[in-house]
Amino acid sequence: MAKHKKGDKHQSASIGSAARVPAGGASVDSKRHEEFGELFVRNQNRLYRYICSVIPNRADAEELFQQTNLTLWKTWDRFDPSRRFLSWACGIAHNHIRNFLRKKQTKQVMLSQEILEQLIEARMEHDDLFEQRKQALAGCLEKLAPHQRQLIDRCYTSDDTIKDTANSSGQTPNAIYKRLRRIRAALYDCVSRSLLAGAHG
Amino acid sequence: MNDVVQNVAKMPDELRDLADAACNGTLSVSQRDRLEDIIRQDEAARLAYLAYLDIHAQLSWEGRSGTVVECGAAADLAAMPVPATGAPFPASTSGQESARGRRVFWWAGATVVAAAVLLVAVTVLQQKWQPPREPEYVAVWGRGLDTVWQDCHASLTRQPSPGDEIAAGVYRLEQGIARLDFHGGAEVTLEAPSTIELIDGQTARLLSGQLAARLRPQQPAGFTICTPAVNVVDRGTEFGVTVNSERQTLVQVFEGHVDAEFVDDEVEKTVHSRRIWPLTAMRFENDLSTPARQVPFEPLKFRRHCPEVLPPWFEIAAAPLVSLDHDPNATAHVKALAASLETAPASALQLGTIYEPFTELNDLTQSELNALVPALLQMLDDTRPLIAATGAGYSPVRFRVADRADLVLQFIAGMSPAGEDRRQAWEQWWSSSREKTRSAWFADRQEDFRRALEGWRNGASYEKCLEALNAIEIAARTNDQTLLPALLDVVSGEISQAHQTEVSLAAVLDCIGRLGTAKLVPELIPLARRSNRDQLSSVPGGYSESHARRSDALRAFAAALDRLSGTTLADASLTTIGPSAYGMCALDENVFDQWLQAAAKRAGDPVYRSPSDRTDAEGRSPASDGQ
């Protein structure tokens, strides 16, 4: 009912020259808000990959991703539309990553801050390359054998550790690691070849 | 770029091993050191490492929604990639994996012995490997109207159909209205433009936009809508949530109640929670230090059902605003509309949801104007039969439609000389029909409204309560003062019952403020005083439901009394009680006399004469003996 400030209008006989209704106090542009929503959804995948490349542990990456997303929405109006959305979003992710490394004492051996900064810079600089590689990955995944696909599925969709996966399939963790190593390398090369073929084709 | 591509392709084995260990989280300290050395010195290695990890990242992304890869198609053996190092791929291991040759042998059909081996191997395979999991489906697409739906996987070009399962993830409804049926039992009607994250069968996060949620009967409560400001937990209800561009969250409860939970991001725990009762609406800010405010309940604000067909534009025009704030840059909207008015039903939907573009346009070109005005005039002509066909039913919908038509007329009259005649004709027709229908309608409904208001106070059915709220809205907008006594009755009843019933005093007092005159102030003051005394009779140490409700009422009182007496005392006279985070407040005792004095002055002022004043006998002094 806050907008019913014009309610009195109906009593007066003449409307034509009535004062223009003010547009309201909010200076934030709701059109910008909409556009932000679009950019947000479109960049989800890239943002996630950026985080997960730097922090490969899936649970950690997920947490950082959620935190980053929330910050993006909480500070959405600080985004300057003339900038690249992804740069801004990755900058925010970077902050969360830095905080995460500071706070978290994990048994896992992690790369140092210095190296991570180098990696992050390289990643941003060659974003196009990684996008091209990602496009090629879908085709390469299709070329995997069914049992390979099953392994990838198993390892990447469930929350089970490699140990659990190994146990439930009667293999040693080492064997699983070896197989993953082979599959990932195969995918890597397939993607590289696609890009090379594309460059000449 | 070619160099880079080639260099990355040549990733050496040692680096691959290290990168792989990083993916698995199995790097040893010495491996980590070695990896860092390589990365530090060699730029190509850096990129290769990132490219390797990117594969892991993309697989993880796919894995988040449940299936990495469809396992239906048979492998294309001939096309299997051969790694640069020349090792056979896939290499056979302890017998689980088959080398190329063996598989072909099996599938080619073989001797009995071979068939037995096949059987055993297949059984073994089935035991060892679970089938790929289904993506985590969270909701079913119930129905959509004129929708454009965008999902974060960005590859989805097909729009959902009724019955489709929707997986967890971030989505955007760019256009239209959609109904999602969550597995947890809630039906959500989502309006464009909205961005929503589906988390699981019982949870979703509204990042921007508007939705209404309704729990199906006999379903467990607990369905939650998270927003940047606050989490809304359903306790067996129907409610609406809006998140606007200022990150404010509006929660409006239709039936039952919800709990609004404030989560502190640092500690990730619920810090406190506020119950919201039916037929009330609250607005929450994004930071914990600003307390929530009660705002008037708007019955028509949310789309609570997804309609089957696109209603005509004038019914949409009657629908409430999508966003809480105003769009100062509406020219762009209307330009787009002018371009598309010929074509799509979507335009009608858009036109309906933008409520004030016509008063803000400055720079339409003449040709855009030429395109726009005739189309708008046509729309006005379409509206007439709807408004004319009132009979006994002058509804809020039609009322708003007429409101919209007025805006269009303003615009037309302002922008085009030809429009002025049209506007006058419309105005004549409208004022005569309005008077006639309005008096007929009120004569019919007055008694109903009074009973509805009383019923509301005494805990009548939900439908009756809505009717009461509608009555209030119409009374305020049409200046129907005959309902004032009933409204005052509601207020006094609510106060004598210590705010225990489910009446939203904000709406009632807002209406009283707009309908009444300064003469009403002496009647209101004792009620406000009493509520204030109750409020101050005990000091809450933490959150207190009754104090919170009285705070909402006191704020509404202050706003109404300011309005009636022509003062601006509210802000200065409301003081916080209890912990500041909860926004509980009371009024400074001194302010009541100030209101009485100001009102007395105003009522006696001959310049200030309202229609109800005229009915008083001459010479009667305004009520200045305030208690």
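Would you mind stating whether A:L196 is surrounded by fewer than 19 Cβ atoms within 10 Å (Cβ to Cβ), at the interface with another protein chain (Cβ under 7 Å from one of its Cβ atoms) and among the hydrophobic types (A, V, I, L, M, F, W, C)?
Working: surrounded by fewer than 19 Cβ atoms within 10 Å (Cβ to Cβ): yes; at the interface with another protein chain (Cβ under 7 Å from one of its Cβ atoms): yes; among the hydrophobic types (A, V, I, L, M, F, W, C): yes.
Yes: the conditions hold for A:L196.
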Out of contact with any Cys (no Cβ under 6 Å at 6 or more places or on another chain), free of Cβ contacts under 8 Å to residues at least 40 places away in the same chain and away from chain A (no Cβ under 14 Å): does that describe B:S496?
-> yes
Filtered residue count, the range A:38-50, keeping only those that are facing chain B (nearest Cβ under 7 Å), farther than 20 Å from B:V148 by Cα and charged (D, E, K, R) | 1
May I ask you to verify whether B:A229 is outside any strand (DSSP E or B) and crowded, with 20+ Cβ neighbours inside 10 Å?
-> yes
Hey, can you tell me all the residues within the range B:499-519 that are assigned to a helix (DSSP H, G or I) and without any contact (Cβ under 8 Å) to a residue 60 or more places away in the chain?
-> B:L505, B:V508, B:L509, B:C511, B:I512, B:G513, B:R514, B:L515
Hey, can you tell me all the residues within the range A:114-155 that are within 26 Å of A:N95 (Cα to Cα), of a type outside the set (D, E, K, R) and not in a loop (DSSP other than H, G, I, E, B)?
-> A:I115, A:L116, A:Q118, A:L119, A:I120, A:A122, A:M124, A:L129, A:F130
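Going by the structure shown, is B:T270 surrounded by fewer than 22 Cβ atoms within 10 Å (Cβ to Cβ) and of a type in the set (V, I, T)? So that I can check it myself, show each step before the final result.
On the way: surrounded by fewer than 22 Cβ atoms within 10 Å (Cβ to Cβ): yes; of a type in the set (V, I, T): yes.
Considered against the rule, which asks whether it is surrounded by fewer than 22 Cβ atoms within 10 Å (Cβ to Cβ) and of a type in the set (V, I, T), B:T270 comes out as yes.
Is it true that A:S53 is more than 9 Å from every other protein chain (Cβ to nearest Cβ), assigned to a helix (DSSP H, G or I), of a type in the set (S, T, N, Q) and in contact (Cβ under 8 Å) with a residue 12 or more places away in the chain? Spell out the reasoning first.
Details: more than 9 Å from every other protein chain (Cβ to nearest Cβ): no; assigned to a helix (DSSP H, G or I): yes; of a type in the set (S, T, N, Q): yes; in contact (Cβ under 8 Å) with a residue 12 or more places away in the chain: yes.
So A:S53 does not fit the description; no.
So, of the residues in the range A:130-155 that are of a type in the set (S, T, N, Q) and closer than 25 Å to B:A168 by Cβ, which turns out to be farthest from the other protein chains (Cβ to nearest Cβ)? Show your work before the answer.
Here is the first cut: in the range A:130-155, the residues of a type in the set (S, T, N, Q) are A:132, A:135, A:148, A:150.
Narrowing the set further to residues that are closer than 25 Å to B:A168 by Cβ leaves A:135, A:150.
Working: A:Q135: 10, A:Q150: 5 Å.
Step by step, filter the range A:130-155, then rank; the result is A:Q135.
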Restricting the range A:10-68 to residues that are under 26 Å from B:Q210 (Cα atoms), among the β-branched types (V, I, T) and within 10 Å of the chain's Cα centre (by Cα), the one modelled with the highest pLDDT turns out to be A:T68
Can you tell me how many residues in the range B:547-583 are assigned to a helix (DSSP H, G or I) and closer than 15 Å to B:R293 by Cα?
-> 18
Quickly run through the range A:66-84 and pick out the residues that are more than 9 Å from chain B (Cβ to nearest Cβ), in a helix (DSSP H, G or I) and of a type in the set (F, W, Y).
-> none
Within the set of pairs 6 or more residues apart or between chains, which connect a residue that is more than 7 Å from chain A (Cβ to nearest Cβ) inside the range B:18-34 to a residue that is polar (S, T, N, Q) and in a helix (DSSP H, G or I) with Cβ atoms less than 6 Å apart?
-> B:L18/B:Q31; B:A21/B:Q31
Those residues of the range A:175-192 which are over 16 Å from B:D54 (Cα atoms) and touching a helix residue (DSSP H, G or I) at 6+ places or on another chain (Cβ under 8 Å), in sequence order | A:A175, A:I176, A:Y177, A:R179
Report yes if some residue within the range B:530-537 is outside any helix (DSSP H, G or I) and either over 17 Å from B:R275 (Cβ atoms) or not aliphatic (A, V, I, L, M) (or both); otherwise report no.
-> yes
For the range A:156-187 the number of residues that are at the interface with another protein chain (Cβ under 8 Å from one of its Cβ atoms) and either of a type in the set (F, W, Y) or under 23 Å from the mean Cα position of the chain (by Cα) (or both) is 6
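For the range A:85-113, how many residues are more than 8 Å from chain B (Cβ to nearest Cβ) and either assigned to a helix (DSSP H, G or I) or surrounded by 13 or more Cβ atoms within 10 Å (Cβ to Cβ) (or both)? So that I can check it myself, show each step before the final result.
Residues of the range A:85-113 more than 8 Å from chain B (Cβ to nearest Cβ): A:85-107, A:113.
Then keep just the ones that are either assigned to a helix (DSSP H, G or I) or surrounded by 13 or more Cβ atoms within 10 Å (Cβ to Cβ) (or both); that gives A:85-103, A:113.
Number satisfying all stated conditions: 20.
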Quick one: B:A213 ticks every box in (1) assigned to a loop (DSSP other than H, G, I, E, B); (2) more than 13 Å from chain A (Cβ to nearest Cβ); (3) within 25 Å of B:L288 (Cβ to Cβ) except a single one, so which number is it?
-> (1)
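Listed here are the residues, each with its yes/no results for (1) within 18 Å of A:A61 (Cα to Cα); (2) surrounded by 14 or more Cβ atoms within 10 Å (Cβ to Cβ).
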{"site": "A:G139", "(1), (2)": "no, no"}
{"site": "A:L144", "(1), (2)": "no, yes"}
{"site": "A:Q150", "(1), (2)": "no, yes"}
{"site": "A:C155", "(1), (2)": "yes, yes"}
{"site": "A:I162", "(1), (2)": "yes, yes"}
Looking at (1) at pLDDT 90 or above; (2) part of a helix (DSSP H, G or I); (3) under 24 Å from B:A476 (Cβ atoms), which is the only condition B:Q594 fails?
-> (3)
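Quick one: in the range A:114-126, of everything that is in contact (Cβ under 8 Å) with a residue 60 or more places away in the chain and more than 9 Å from every other protein chain (Cβ to nearest Cβ), which residue is nearest to B:N7 (Cα to Cα)?
Only one residue tops the list, namely A:I120.
The values are calculated or read from the model by the stated rules, or taken from the named source; none is laboratory data. For clarity, every value in this text was computed on a predicted model and none was experimentally measured. When we count neighbours, we look across all protein chains shown, and the Cβ atoms used for this are built from the backbone with ideal geometry, even at glycine.
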